[in-house]
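Participant: What follows is a structure written as C-alpha cells; I'll ask about it next.
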Amino acid sequence: DAGVIQSPRHEVTEMGQEVTLRCKPISGHNSLFWYRQTMMRGLELLIYFNNNVPIDDSGMPEDRFSAKMPNASFSTLKIQPSEPRDSAVYFCASSLGTGANVLTFGAGSRLTVL
Amino acid sequence: QKEVEQDPGPLSVPEGAIVSLNCTYSNSAFQYFMWYRQYSRKGPELLMYTYSSGNKEDGRFTAQVDKSSKYISLFIRDSQPSDSATYLCAFLDSGYALNFGKGTSLLVTP
C-alpha cells in the first residue's frame, strides 16, 4: 500500500486566492482526519470523517475553510479566500474503524500564503 | 491549564546515550497513550501505543505511563543518529480526537 497520499506537497499562493488540498486515504480505512500543524499551536484537528460523512468539523477555523469527502478514496480541504495566517502544514490521516488511536498520516501539504 | 504539556527542546545527545522524553496531561479521561515520531518534512508515524499504566517495551524503545501522576515517558536506549526527529505524545479518551503535545525535537550526534 502506498500509504496516505496528499497533494500538492507544497503550495505558495497569494492572499485571497483559493487553495485546494487533496487526500487519498489508505484503501479500506473508513476514518479520515484533516490536521493543521504550526509551530505555535502544534497539531490541531480540523475535521473528522467516518464512512465519508463529516462527524466533527468543530476544529475548522472559520467559514473560509471547507472539506468534502465525495467517496471513500478521496477528500479535499478548501480555503477560500486564503490569508497569510493560514500558512501551515496540512496533514491528512486515515484509520481503520471509528477510533483515532492508530492514525496513518500522509506526508503533508505545506501551504504558504503571501 | 493546557491539557497536554511537552517540552519542545531541542534535546541534543551523543550517539549511544539514553534519551528520556516526557509529557504531562491534565485530563483524567485519557485512556490511550501514544508516541508518534516525525521526521523533518514528513508526517507523524506511530511509534508506541499503550492503554494502561506501566511499561511497554519495543526494541530500544520503552513507553512508561503513570496515570496517578498524569505523566508519560518515552525512553530510547542506545540512541542512534537515525533517531533524530520530533517526538509527539498523544492522548485519547473514549472518542476519536487525539490530543497531541507540541513535540520535542531530538538530535542524536555521531
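Values in this text are rule-based calculations from the coordinates and carry no lab data. Since the structure is predicted, the reported quantities are computational estimates derived from the model, not experimental observations. Virtual Cβ from ideal backbone geometry, glycine too; neighbours counted across all protein chains shown.
Participant: Counting only other residues whose beta carbon sits under 13 Å from that of B:R77, what net charge do I get with K and R as +1, D and E as -1?
Facilitator: Every neighbour counted, the sum reads -4.
Participant: Here is a further query. If we count other beta carbons within 10 Å of each Cβ, what is the order of B:E57, A:E11, fewest first?
Facilitator: B:E57, A:E11
Participant: Among the lysines, which have Cα under 25 Å from the Cα of B:K42 when same-chain residues fewer than 8 positions away are ignored?
Facilitator: Answer for B:K42, where 25 Å is the Cα cut-off: A:K24, A:K68, A:K78, B:K102, listed by chain and number.
Participant: Turning to a different aspect of this structure: At most 16 other C-beta atoms within 10 Å and a DSSP loop state: those are the exposed trypsin sites (Lys or Arg not before Pro) I care about. Give me the longest piece of chain A that has none.
Facilitator: It runs A:65-114.
Participant: Could you list A:C23, A:C92 in order of exposure, starting from the residue whose Cβ has the fewest other Cβ atoms within 10 Å?
Facilitator: Least to most surrounded, the residues fall as A:C23, A:C92.
Participant: While we're on this one: With just the Cα atoms of chain A, tell me how far they stretch along each of the three principal axes, in Å, largest first.
Facilitator: Largest to smallest, the principal-axis extents are 38, 27, 27 Å.
Participant: Compute the length gained on full extension between A:S7 and A:S87: take 0.36 nm times their separation in residues and subtract their Cα-Cα distance, giving the result in nm to one decimal. Provide the component values of the computation, followed by the final result.
Facilitator: Working: separation 80, 0.36 × 80 = 28.80 nm, distance 1.57 nm.
Full-extension gain reported as 27.2 nm.
Participant: In addition: If you average 1/r over all unlike Cα pairs in the range B:71-110 and invert the result, what Kirkwood radius do you get in angstrom?
Facilitator: Value: 11.9 Å, from the Cα pair sum.
Participant: How long are the semi-axes of the equivalent ellipsoid of the range A:66-114, taking √(5λ) for every eigenvalue λ of the Cα gyration tensor, in whole Å from largest down? Write out the running numbers ahead of the final one.
Facilitator: Details: eigenvalues 115, 38, 14 Å².
Working from the Cα gyration tensor, I get semi-axes of 24, 14, 8 Å.
Participant: Could you compute Rg(Cα) / (2.2 N^0.38 Å) for the protein assembly as shown, with N its residue count?
Facilitator: Against the empirical 2.2 N^0.38 Å value, I get 1.03 for the protein assembly as shown.
Participant: Spin-label point model (7 Å from Cα, Cβ direction): what's the B:L107 to A:M39 distance in nm?
Facilitator: 1.4
Participant: Identify all lysines with a Cα-Cα distance to B:K56 below 20 Å; exclude those on the same chain that are fewer than 8 residues away in sequence.
Facilitator: B:K67, B:K70
Participant: Could you pull out every residue, at least 5 positions away or on a different chain, whose amide H is within less than 5 Å of the one on B:A97? Hs are placed 1.01 Å off N in the peptide plane, and Pro or chain starts have none.
Facilitator: none
Participant: A further question follows. Given the convex hull over the Cα atoms of the range A:9-54, what projected area results after averaging over all orientations, in nm²?
Facilitator: Dividing the Cα hull surface by four gives the mean projection, 4.5 nm².
Participant: Averaged over its residues, how many other protein chain Cβ atoms are within 10 Å of peptide B:43-50's Cβ atoms? If you can, show how the numbers build up before the last one.
Facilitator: Working: counts 15, 9, 4, 5, 0, 0, 2, 0.
Taking all residues of B:43-50 together, the mean is 4.
Participant: Here is a further query. Within a Cβ distance under 12 Å of B:K42, other residues only, what is the Lys/Arg minus Asp/Glu net charge?
Facilitator: Numbers: positive: A:R9, A:R110, B:R37, B:R41; negative: B:E45.
That works out to +3.
Participant: Scaled to the compact-protein estimate 2.2 N^0.38 Å, what is the alpha-carbon radius of gyration of chain B, rounded to two decimal places?
Facilitator: 1.01
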